[in-house]
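Here the structure comes first, spelled out in structure tokens, and everything after it is commentary.
The values are calculated or read from the model by the stated rules, or taken from the named source; none is laboratory data. On a predicted model such as this, the values are computed, not experimentally measured, just so you know. Note: ideal-geometry Cβ built from the backbone for every residue, glycine included; neighbour counts use all protein chains shown. Side chains are part of the model used for accessible areas, which takes the heavy atoms of the whole protein and leaves out ligands, DNA and RNA. Shrake-Rupley method; radii C 1.70, N 1.55, O 1.52, S 1.80 Å.
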Amino acid sequence: MRSTTLLIGCIFVLVKMQGQNLVLNPSFEEKTGCPNAGDWSLGSIDSARFWTQPHRSADYFYPCGWNWTHSTPQNALGYQQPRSGIAYAGIYCYEYGDNELPDGREYIEGQLSVPLLKDSVYKVEFFVSLAEDNSSVASDFIGAYLSDELIKSNVTPPTVVDVLPFIPQVSSLKGEVLADSVNWTRICGYFKAAGDESFITIGNYLHNSEITYLPLKNAFSPQSYYYIDDVSVEKSSINPYQWVSDKIICTPDSVNQYALPDSLADILWSTGDTTHAVSLQGPGTYWVRAALDGCYFTDTFQIEHTPAPAFGFSEDTLAVCNSALPLTLETTDCCAEVLWSTGDTTKTTEIGQEGLVWIRQQNLCGTARDSFWLQVDLPPLLELGADTALCDTAQFSRVLQAPVGLPACLWSTGDTVSAITATQPGVYWLTVQNACGIFTDTIVFKDLRQLRLTTNNDTILCLEEPLLLSASSGFDTYLWSTGENTNEALADDYGLYIVRAANDCGTQTDSIFVTESNHPQIQLPAEVEINLGDSIALSPLVSHDKPLAFHWSPAAGLNCPACESPLAFPWQTTDFLLIAQDSLRCRAEAEVRVRVVDRRRIYVPNVFSPNGDGQNDFLTVFFGNEVGQVVAAAIYDRWGSLVVWKQNLPAFPETVIWDGAWQGRDASAGVYTLVLSVRLKNGETVQVAKDVTLVR
């Protein structure tokens, strides 16, 4: 009895919830205070219990004492009897604002008694009436947006704000202007809940450019204002989304029939048809809008083309390496049913061994089957043998064999058979390939039959520097008596040198004897002396039985640094080193110092007589060989006047400075002063001044 009572109670509650209005204070009869009669920009909807606004300018109308501006039925915005009770709300749904707020809007936001259930169908209904006294236009598209949380505005503090960025689930028809200011216009629609919606927000969600409006009277700022009453959200006992559904078609040009019940009105298909039944050809996304008892709904459905399965394996045999197991295979999403040879019925399967692999696929449009043989390869073991040295002179022949069971082989000879015969020394290789990769093995037959160890011949020379000893190359290891372990060694003393070289054919030994040769003898005087500008032959005393090569240093100041007896003409005292060496690298050295004496020989006569008798007719200066140039010569009279000026004159052995004329006439007899600036061959400059007497 107790269980029966409980069941009846549950059924009663379910039926009650089915037709219950979930909107709290749906006709605005409950208030928390009288509407604000002061600043209109603050709004007054918050005075209605359970109602608020995303912004701060929606209005509440309730007859409350002396406040006629927010009363009903007459108020500051117009006249309208409440649809039920004594109160209603009001909002601007269209207002042409300034550049900062071009789309003026107001919204009211109410609370539901319980959250909506996911995928349940609800009927949303509310009534609007145009406030004609405060509206210069009538506009379209007033909607209700249901959300799981309160909507917050990002405009602070607004009086009239921009459009909220949401799409209402229920709205009036776009393009149908709501112009009735005498009666209440019903806006009703169905929608399927996403789940947990707990708030309803009513207003216009289009921008001004999208709105259809009807001018009613001239106004500086076009606007439309609407009263709102009797808001309801009820769980629907009818599911209007049951009459059209998604379809799968097997051919893309098939025609599909859809039909709606006769109880539906005001039908509009996405194709433009307005009949209850339509024929839709081809895949695509379609929708239908219709009204059930004046409440609209829109249902969207898909017609999807799914061809018959056409999956196929690309090869009859697939070779994989054993390291790739298990092999994962994947089919397409074409089919509702899949069956693999492994028994798997999923999109993918794993194959772990060699054998026949097959798949069967099936959907509403057909069945497809295919198979292939899975071949599992192992990495081949290639072993041609160790590298081999050929030591004797017998005929060479070796059979090289590939492992049994491998695919086609490729030898270095170009052959593709399983075995070849090597008859010549050299490098042989075998390459095979399977699913595990490319594998190669190499064998080398080294020809050591003609390899003999040889070194330098016995040598007679002078070890002025270490001698490089060299053994023939081609052996694996070397060991010299000096300790070096390459095919070369340095001999830095006289005597016997031994080298041992080894390879796969054994060890060979060779030697070289280095004997000292006779050294040349040369002599030079310790020092010789020359005047600056002169030269001297450097002639050494040489004693040797072989031709010699000579090298003097430094080369500056010598006419032939590679000659046995060059001429030396240094500008300063210099030590010259002579090295003499023969073809056996035997050498001798000697050194001589050439001392340069700077005599500065400059002779200026103290008198000259330019009388044409051929004796001392010119003032001539005489120089030694060490003087290179007269840089400048100047002659002054006794009063200091410049009589002669000359530059860049030759010096050795003599230079004419003056012929005794001045300004085209014979100069007067008397004492004159000669000033000379001369440059020596060593680069030094010397100044000379002397009095000279001109006699006539």
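For region 505-653, rounded, prolate or oblate, judged on the Cα gyration tensor with a ≥ b ≥ c (square roots of eigenvalues), a/c < 1.5 rounded, else prolate if a/b > b/c?
Details: a/c = 5.13, a/b = 3.85, b/c = 1.33.
Cα axes put region 505-653 in the prolate bin.
Suppose only helical runs count, i.e. DSSP H with n ≥ 4. What mean residue ellipticity at 222 nm does that imply for the chain under -39500 (n - 2.57) per run, divided by all residues and rounded to the nearest 500 deg cm²/dmol?
Value at 222 nm, helices only, nearest 500: -1000 deg cm²/dmol.
Scan region 596-691 for chymotrypsin sites (Phe, Trp or Tyr not before Pro) in coil per DSSP, keeping those whose Cβ has at most 10 other Cβ atoms within 10 Å, and list them by number.
W639
Compute, for W184, the solvent-accessible surface of its heavy atoms (probe 1.4 Å) with the complete set of protein chains present, and express it in square angstrom to the nearest 10.
Roll a 1.4 Å probe over it and W184 shows about 50 Å².
Let me make sure I get this right: for region 52-135, a, b and c are the square roots of the gyration tensor eigenvalues over alpha carbons, sorted descending. Under 1.5 in a/c it's rounded, otherwise prolate if a/b > b/c, else oblate. Which is it?
Cα axes put region 52-135 in the oblate bin.
Before I look further, what does region 156-258 give for accessible area per residue, probe 1.4 Å, in whole square angstrom?
49
Aspartates and glutamates near K446 by alpha-carbon distance under 20 Å, same-chain residues fewer than 8 away left out - which ones?
Here the aspartates and glutamates satisfying the reach criterion relative to K446 are E383, D387, D392, D476, D504.
Mean separation of Cα pairs under 8 Å and 6+ residues apart, divided by the residue count of region 565-676: what relative contact order is that in percent?
20
Can you classify the chain as rounded, prolate or oblate using the Cα gyration tensor, where a ≥ b ≥ c are the square roots of its eigenvalues, rounded means a/c under 1.5, and otherwise it's prolate if a/b beats b/c and oblate if not?
Taking the square roots of the gyration eigenvalues as a ≥ b ≥ c, the chain is oblate.
Taking amide H positions as placed 1.01 Å from N in the peptide plane, with prolines and chain starts having none, which residues 5 or more places from E626, or on another chain, fall under 5 Å of its amide H?
Correct list: R601.
Round to the nearest 10 and give me the degree value, 0 to 90, for the angle of helix 2-18's Cα axis relative to the longest principal axis of the chain.
Around 70 degrees separate the two axes.
Is there a pair in K118/K192; K118/K174; K31/K123; K118/K247; K123/K192 whose C-alpha atoms are over 19 Å apart, and which pairs would that be?
Beyond 19 Å between Cα atoms: K118/K174; K31/K123; K118/K247.
Explain nothing, just compute: Karplus ³J(HN,Hα) = 6.51 cos²θ - 1.76 cosθ + 1.60, θ = phi - 60°, for every residue of region 651-656 in order, whole Hz, x for Gly and Pro.
10, 5, x, 8, 9, 7
Which order, highest average first, do 354-362, 503-511 follow once you tally other Cβ atoms within 10 Å for each residue and take the mean per peptide?
So the peptides 354-362, 503-511, ranked by packing, come out 354-362, 503-511.
State in Å² the accessible area per residue of region 501-644; use a 1.4 Å probe, count heavy atoms of protein chains only, and round to the nearest integer. Working shown, then result.
On the way: 7440 Å² over 144 residues.
It amounts to 52 Å² per residue over region 501-644.
How high is the relative contact order of the chain, in percent, with contacts defined as C-alpha pairs under 8 Å that are six or more residues apart?
On the way: 1643 pairs, mean separation 46.9, N = 696.
That works out to 7 percent.
For region 292-446, what % of the accessible area comes from carbon and sulfur atoms, probe 1.4 Å?
50
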